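Notes to accompany the following structure.
The values are calculated or read from the model by the stated rules, or taken from the named source; none is laboratory data. Since the model is a prediction, treat every value here as computed from it, not as a measurement. Methodologically, a virtual Cβ is constructed for each residue, glycine included, from the backbone with ideal geometry; neighbour enumeration extends over all protein chains shown.
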Amino acid sequence: MRISLLEKRENFYKILYDTLKSNNFPKDEFSCRRYVVNKYLNFIATEDLDKSSFKTLINEYSSSLNFWTKIPQYFYVRTATSKTFRSFFSHKIIKMDTSFQNYLILGGNHRLRLFSKDLGFSLLLLKKNERRNYIENDITVRTNQFLSYAPVIYEKGQDWLKEEYFNGIPLNRLADKKKIDYWQKKAVNSHLEQLLFLTKKICTTKEYQLFINSEINTIISSNYLQKTVLTKNKIIAIFDLLFRELSIDNIPISWSHGDFQMANILVKENNFKVIDWESANKRYYLYDIYTLIGGMRSGIQLKESIEVFRNKISSFLDVVVTNDMIILLFIEELRYSVNEEYSENFYISGLKTKEICVSIQDYLNE
């Protein structure tokens, strides 16, 4: 998420300062220097950080699929990241710890991502006041399973991890549909074989519901949430409604990525990596596949994403989309939304969760 959006959602700069100051990642003795902020390109860096450190941003933001914006965007990204014009195009000048002067810092939902000066590794720092599962689950799923398509974790701590850097282009920035389809299928096959199938287990519907209700209760019952759009009781009521729609007694769950979308699949030459494992958790085992091929993270409506999934799933798996499957996907999408949208850092929690609840009720009422 870009800093321009984070500023509206939370006290981003206070969270930034507190995170860098209190995080357990080893740092030098504290002292300050100037950093520039570009809230649209989503970076924080010193004025003299070498431009070669910006490869990831250049890959992401200079590959517009719109012909009319491609050329100006290409030149803007390269100019705004250059040493000469970095300050001129910045939106804010801040002072921070010199310990991070050799990193390119990117904003994020629940973590900050820092790229080392030589792009030898990426550093992920849990933002102050965010739940530990955004680091703990990430570490668990990537260290307990051999995932050839996930960046290797080099080191880890309570609220940080250091991982392999991969200089790839996000799948949603490719213009060639054949290439997109090829890499989508490759990513899905690897994900199924190396994670979803290997960790799949059966739990009863009752166990599954108790597990989810306990998780939701823990998140929404926090006394430190600033303001919420939906109460815990209203959200639990939607979950109860969905569970009453299920006709099955056993549910296959597995470890999952949680945000398995094209923007998180990076491609370079004949290789790819899936990044941003912060939402890793145990879920209905087809949820990740739905997230990717249903396009839910691309801004389409819930009902439309189900129809896309229904039409495309046969190209990836020999399964029949049943009503129970749709209900399970709704349960996981609502659960994902609560995890993403309720935070002690947010001015208002649950804005998108309310939209999901309305969409689910509309679908069920049809």
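Of the conditions (1) surrounded by 14 or more Cβ atoms within 10 Å (Cβ to Cβ); (2) part of a helix (DSSP H, G or I); (3) of a type in the set (A, V, I, L, M, F, W, C), residue 203 satisfies every one except a single condition; which number is it? Against the list (1) surrounded by 14 or more Cβ atoms within 10 Å (Cβ to Cβ); (2) part of a helix (DSSP H, G or I); (3) of a type in the set (A, V, I, L, M, F, W, C), residue 203 comes up short only on (2). Selection of first residues in the range 250-271 that are assigned by TED's automatic domain parsing to the domain that holds residue 285 and within 17 Å of residue 172 (Cβ to Cβ) and of second residues that are of a type in the set (Lys, Arg) and loosely packed, with under 15 Cβ neighbours inside 10 Å, restricted to Cβ pairs under 9 Å at least 6 apart or on distinct chains, gives the following pairs, ordered by first then second residue: 267/179. Is the range 209-225 home to any residue that is touching a strand residue (DSSP E or B) at 6+ places or on another chain (Cβ under 8 Å) and hydroxyl-bearing (Ser, Thr, Tyr)? So far as the range 209-225 goes, no, none of its residues is touching a strand residue (DSSP E or B) at 6+ places or on another chain (Cβ under 8 Å) and hydroxyl-bearing (Ser, Thr, Tyr).
Where strands (runs of 3 or more DSSP E) fall wholly inside the range 215-299, no range has 3 or more residues that are of a type in the set (S, T, N, Q) and touching a Gly at 6+ places or on another chain (Cβ under 6 Å).
All conditions but one from (1) in a loop (DSSP other than H, G, I, E, B); (2) at pLDDT 85 or above apply to residue 26; the one that does not is (2).
Within the range 103-126, restricting attention to residues that are aliphatic (A, V, I, L, M) and closer than 19 Å to residue 34 by Cα, the residue that is nearest to the chain's Cα centre (by Cα) is 112. Residue under question is residue 275, and the condition is that it be crowded, with 20+ Cβ neighbours inside 10 Å, closer than 28 Å to residue 58 by Cβ and in contact with an Asp or Glu (Cβ under 9 Å, 6 or more places away or on another chain); does it hold? When the stated conditions are applied, residue 275 passes them.
Scanning the range 196-210 for residues that are under 17 Å from residue 330 (Cα atoms), of a type outside the set (Ser, Thr, Tyr) and touching a residue at least 12 places away in the same chain (Cβ under 8 Å) yields a count of 1.
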